[in-house]
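Below you'll find the structure, written out as structure tokens, and then a few comments.
The values are calculated or read from the model by the stated rules, or taken from the named source; none is laboratory data. A quick note: this is a predicted structure, and the numbers were derived from the prediction, not measured. Neighbour counts run over all protein chains shown; Cβ positions are idealised from the backbone, glycine included.
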Amino acid sequence: MSNEKDCSMYTEHVESGKRKVTIQLKVNGHQVVRDIDPTMSLLHFLRDDQKLFGTKEACGEGECGACTVIMNGKAVTSCIVLAVEADGAEIKTVEGLAKNGKLSILQEEFIAEDALQCGFCTPGFLMSSRALLDHNPNPSDEEIIEVLSGNLCRCTGYIPILRAVKTAAERERKELGR
Amino acid sequence: MLSRFDYFKPHNLNEAMQYLVKDEKTFVLAGGTDLMILLRRNLIDARHILDIKSLPETQVFEFVEGAGLTIGASVVVNKIVDSELVKAKYPAFNEAAAALASFQLRNRATVVGNICNASPGADLPPALLVFDTVVNIVGLNGSRQVKLHEFFTGVKRTVLQPGELVVSITIPEPEPGEKSTYLRQARLRGHDLATVGVASRLKPDGKVALGICAVAPTPLRLFALEDQISQRGLSEETAVWAAQEIKNHIRPITDVRSSAAYRLHMASVLLKRGLLKLLGKEG
């Protein structure tokens, strides 16, 4: 193995020089076709290639949940998914939540409940919560806590986040008839 | 990541097997929750990544009466958490699956990956061990079946030979009226590897099966202790006796998660609790 430089902690993709592969996928509803490095993670594809900087890298190892996106309806940590694995997939990122310049109910409730301070973990929390509410419009506290157990927040604390998801679920049921 | 690899996603087993023997630096990708971390930390030098998720054999999730439940190598852990069939027939397996890592990781991590990774502290092996799970292995020269308790050979080591692939596991059908449970201790609720995990199963004929993780270089099936418990007959008294006896059957070490002494203690506590739970008495 080459030891030229230790890029283990680099937070952007380092080109491998391997032959590119073509992937075709939907990102926030838009069809995307790209030739990509086979060693690139889905996270780096979203950030470096698609310039969708909402999805964050923190631990890079699936522990913290900051990079959570929805892949084919399921919340996944995009740092440990290869971009090539997303060929044919439908990806939703935090950028896909607001519609026509208006924040979604879930985002509004995160603000209303003070469920963020620095905001670095917030896109991950939003996408984990979105995936939950898409499958279960009326989750119990325990179900919300379980689904968010893979998302870490180091400043707000989890109670306002739990409240935000609950009130968002209530509003979505009432306002969107879910 | 220093690894420079090609990615291949075969659509039939023959293609996959040809690719697997291409190079000793070929690594199998299913959920990727371990592989991607090894790549990122530069702990492996991969030249080829073989993604097995599109092989039909790996997508199987099928219960056949008399034969049991077969789970392909692409089946993710949350499928087990959500399965009413697993909840009803293999409660210990369902509980172990629900305890594994975080929700997002369970959407990617596979049952078979948790076995093949052969971590001494993996949650699923104790539960799968008590149900006499069989590992279905395919190689270029044919297929073979290995009992799960003979599959692990050491820390991160298994009986798998180069060019062999685990396509699925089969969990034999349990008998009506069985009980089973998986109890684990971790440093915090949620996302942590087990300090100790104990699976126990009680058959209608009074026979007990025990599986345990994080107390030896491999997950263990405690055959000798099971025999002693079954001979004595499972009772509150036997549960108390077994909690004392278990220290003679395990070899825990001290690491970042726990001291060896605490592991011995918790193995004893969890075993007693598990056996009492099988008796319908919460410990």
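A:GLY101 meets the conditions (1) within 19 Å of A:CYS67 (Cα to Cα); (2) out of contact with any Ser or Thr (no Cβ under 7 Å at 6 or more places or on another chain); (3) modelled with pLDDT under 95 in every case but one. The failed one is (1). With the condition kept exactly as written, say whether any residue in the stretch A:125-137 is over 18 Å from A:GLY29 (Cβ atoms), part of a loop (DSSP other than H, G, I, E, B) and either within 11 Å of another protein chain (Cβ to nearest Cβ) or out of contact with any Pro (no Cβ under 6 Å at 6 or more places or on another chain) (or both). Yes, the stretch A:125-137 contains a residue that is over 18 Å from A:GLY29 (Cβ atoms), part of a loop (DSSP other than H, G, I, E, B) and either within 11 Å of another protein chain (Cβ to nearest Cβ) or out of contact with any Pro (no Cβ under 6 Å at 6 or more places or on another chain) (or both).
Summed over the stretch A:45-55, the residues that are touching a Ser or Thr at 6+ places or on another chain (Cβ under 9 Å) and within 14 Å of another protein chain (Cβ to nearest Cβ) give a count of 2. Which residues, counting only those in the stretch A:115-124, are away from every other protein chain (no Cβ under 14 Å) and among the hydrophobic types (A, V, I, L, M, F, W, C)? Selection gives A:ALA115, A:LEU116, A:CYS118, A:PHE120. Looking at B:GLU245, B:GLU237, which is the one that is assigned to a helix (DSSP H, G or I), away from chain A (no Cβ under 14 Å), under 24 Å from B:LEU148 (Cβ atoms) and free of Cβ contacts under 8 Å to residues at least 24 places away in the same chain? It is B:GLU245. Among the residues of the stretch B:191-209, those identified as in contact (Cβ under 8 Å) with a residue 40 or more places away in the chain, surrounded by fewer than 24 Cβ atoms within 10 Å (Cβ to Cβ) and more than 16 Å from B:ALA97 (Cβ to Cβ) are B:THR195, B:LEU202, B:ALA209. Within the stretch A:54-81, the set of residues being touching a residue at least 60 places away in the same chain (Cβ under 8 Å), assigned to a loop (DSSP other than H, G, I, E, B) and over 15 Å from B:THR33 (Cα atoms) comprises A:GLY54, A:THR55, A:LYS56, A:ALA58, A:ALA66, A:GLY73. Taken over the stretch B:12-44, the criterion of being free of Cβ contacts under 8 Å to residues at least 40 places away in the same chain, farther than 21 Å from A:VAL14 by Cα and either within 10 Å of chain A (Cβ to nearest Cβ) or in a loop (DSSP other than H, G, I, E, B) (or both) is satisfied by B:LYS22, B:ASP23. Scanning the stretch A:18-36 turns up no residue that is modelled with pLDDT under 95, within 30 Å of B:LEU43 (Cα to Cα) and more than 8 Å from chain B (Cβ to nearest Cβ).
Once the stretch B:45-65 is narrowed to residues that are within 18 Å of B:GLY163 (Cα to Cα) and either away from every other protein chain (no Cβ under 14 Å) or assigned to a helix (DSSP H, G or I) (or both), the residue that is nearest to the chain's Cα centre (by Cα) is B:THR58. One residue is enough: does the stretch B:80-93 have a residue meeting the conditions within 14 Å of another protein chain (Cβ to nearest Cβ), over 26 Å from B:GLY177 (Cβ atoms) and not polar (S, T, N, Q)? No, that holds for no residue. For the subset of the stretch B:101-119 comprising residues that are at the interface with another protein chain (Cβ under 7 Å from one of its Cβ atoms) and hydrophobic (A, V, I, L, M, F, W, C), which member is surrounded by the fewest Cβ atoms within 10 Å (Cβ to Cβ)? Step by step, filter the stretch B:101-119, then rank; the result is B:LEU105. Within the stretch A:29-49, the set of residues being surrounded by fewer than 18 Cβ atoms within 10 Å (Cβ to Cβ) and in a loop (DSSP other than H, G, I, E, B) comprises just one member, A:GLY29.
Against the conditions (1) closer than 15 Å to B:PRO219 by Cα; (2) in contact with a strand residue (DSSP E or B) (Cβ under 6 Å, 6 or more places away or on another chain); (3) part of a helix (DSSP H, G or I), B:GLU95 satisfies every one except (1). The residues of the stretch A:56-68 include none that are within 12 Å of chain B (Cβ to nearest Cβ), among the small types (Gly, Ala, Ser) and surrounded by fewer than 22 Cβ atoms within 10 Å (Cβ to Cβ). Among the criteria (1) within 10 Å of another protein chain (Cβ to nearest Cβ); (2) part of a loop (DSSP other than H, G, I, E, B), the one A:GLU85 does not fulfil is (2). Elements of the type strands (runs of 3 or more DSSP E) sitting completely within the stretch B:107-224 and holding at least 3 residues that are closer than 30 Å to B:ASN12 by Cβ: these cover B:134-139, B:142-147, B:165-171.
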